[in-house]
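What follows is calculated from the coordinates using simple rules that are stated; it is not laboratory data. On a predicted model such as this, the values are computed, not experimentally measured, just so you know. We place every Cβ from the backbone using ideal geometry, glycine too, and count neighbours over all the protein chains shown.
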Amino acid sequence: MSKLQWNAVILDDSPSITALMIQVLKSAGIAQVNAFSDANQALNYVENNLVDIIFSDLNLPNIDGVEFIRLLQSKNFKGRLVIVSSMSVKTIKSVEQLARACKLDLVGSIAKPITEHAVVSMIKKAAQQKQPTHRANVEKLKIYELIRALDQHQFDLHYQPLICNKTKKLVGIEALARLNHPTKGLVFPDSFIMELEHNSLIKDLTYKQLDQVLKQISSLRDDGISLSVSLNISATLLVEKHLPDMIFELLNCYQLPPTNLVLEITESSVIEQQADMLEVLARLSMRGVKLSIDDFGTGYSSVERLIDLPFSEMKIDKTFVQQATTDESARATLESMTSMAKRLNMSIVLEGIESIEHWNMACYLNADILQGYYIAKPMPAAQLIEWIKKWQKAIA
């Protein structure tokens, strides 16, 4: 195996296992290996250094592995994670589910007693996955920067194509928020969305972006390209009773049918249902706006909640898609999700299609819509028309 310029962390209170792990990781070509027996020390190191991969035990003296995973989430850790444990298979699988729900890049698990082969196999698997971006280490934007960004129109949208699985035709685009910062360059949502929500500025951004995406779809229609557009909407706006009226006014302004708009709502945001939220969702659905439950599988929705709410689309979180090609348990979970969506007459969107293996698996599962880097990365509006022309030519 070629040398990997990674910084690895081992968290285990067993000296013998730690010694073996260090030996195997260094033999496998990992450039830097740091071992800790105390979770607090490991967390402090992770917070102050770029860490590419963590091998973590679940049985720890002070903070157990479950709490450690939660704390990694709170620190927005973007490296890879491998669970190392002697726990039962069911327990490990439940912790894996937690790690995925926490949006951690879980590579897999190694059962104790560990073997050199198991560790090397996990390193190879991790090396094949997409390189961590470490965007989490970008400082959160300050409130004055966000106000200035809104005033000076620094927010923009990038668009990622959505492809019909059966025909391979382009059927829609997802609009993704970006901020063109004057000194920090292109800034991603994890650096500004929460701050906008906490300071009651998310409404201003959402309304501007709704106008922008519908204008974009209208422009494409005038060029003979009919597409839907998907846009994430904050849970804080789902209790705004005038939201549907504002959306319908914009649709009328651009002479677009409501079916051209898909509002993506994260699964976690609808767990606590409120009367105002249900009213807003019902009014949008009754008038034809499509509602998509986003990042499905990362929250704890019950089937009853899915039945009660007017969703027409299920967007399955990319961690399940990417794990399913190599993990039988993840594949079974993904198959169960797609089967449930079909029984509920919901369209299935699989995001995170980043390789031919992901593409083939999505085709096998008979998903409706595919999205991911294997098809196209998010792009500015100026590049969209050219990409559409190339895609149409490629599938002709």
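Its relative contact order, with pairs defined as Cα atoms under 8 Å and 6+ residues apart, puts the stretch 4-135 at 23 percent.
Charge tally around residue 49: other residues with Cβ under 14 Å, Lys/Arg +1 each, Asp/Glu -1 each, net 0. Among the listed pairs 3/125; 241/290; 75/208; 78/125; 168/318; 75/142, those with a Cα-Cα distance over 22 Å are 75/208. Basic side chains Lys and Arg get +1 at the Cβ, acidic Asp and Glu get -1 at the Cβ, and with that the dipole of the chain about its Cα centre reaches some 1160 debye.
Contact order normalised by length for the chain, with contacts defined as Cα pairs under 8 Å and 6 or more residues apart; what percent is it?
Computed over the chain, the figure is 11 percent.
Calculated FRET efficiency, residue 190 to residue 396, Cβ-Cβ distance, R0 = 41 Å: about 0.60 to the nearest 0.05. Inter-label distance, residue 203 to residue 219: 2.8 nm, where each label sits 7 Å from its Cα along the C-beta direction.
Toward the positive end of the charge dipole of the stretch 141-395, with +1 on the Cβ of Lys and Arg and -1 on the Cβ of Asp and Glu, the farthest Cα among 229, 358, 385 is that of 385. Please identify which residues in the stretch 81-112 have an amide N closer than 20 Å to a label point set 7 Å out from the Cα of residue 16, following the Cα→Cβ vector. Answer for this model: 84-88, 110-112. Of all aspartates and glutamates in the structure, the ones whose alpha carbon falls short of 14 Å from that of residue 26, not counting any fewer than 8 places away in one chain, are 116. Taking the Cα centre of the stretch 141-395 as the origin and placing charges on Cβ (Lys, Arg +1; Asp, Glu -1), which of 260, 141, 336 is farthest toward the positive end of the dipole? So the residue furthest toward the plus end is 260.
Only helical runs count toward this figure. For the chain, summing -39,500 (n - 2.57) over DSSP H runs of n ≥ 4 and dividing by all residues gives -13000 deg cm²/dmol at 222 nm. Rounded to the nearest 20, the Cβ-based charge dipole of the stretch 1-84 about its Cα centre (Lys and Arg +1, Asp and Glu -1) stands at 400 debye.
Database remark: amide H of residue 313 closer than 5 angstrom to the amide H of 291, 293, 347 (H placed geometrically; neighbours at sequence offset of 5 or more, or on other chains; Pro and chain starts carry no H).
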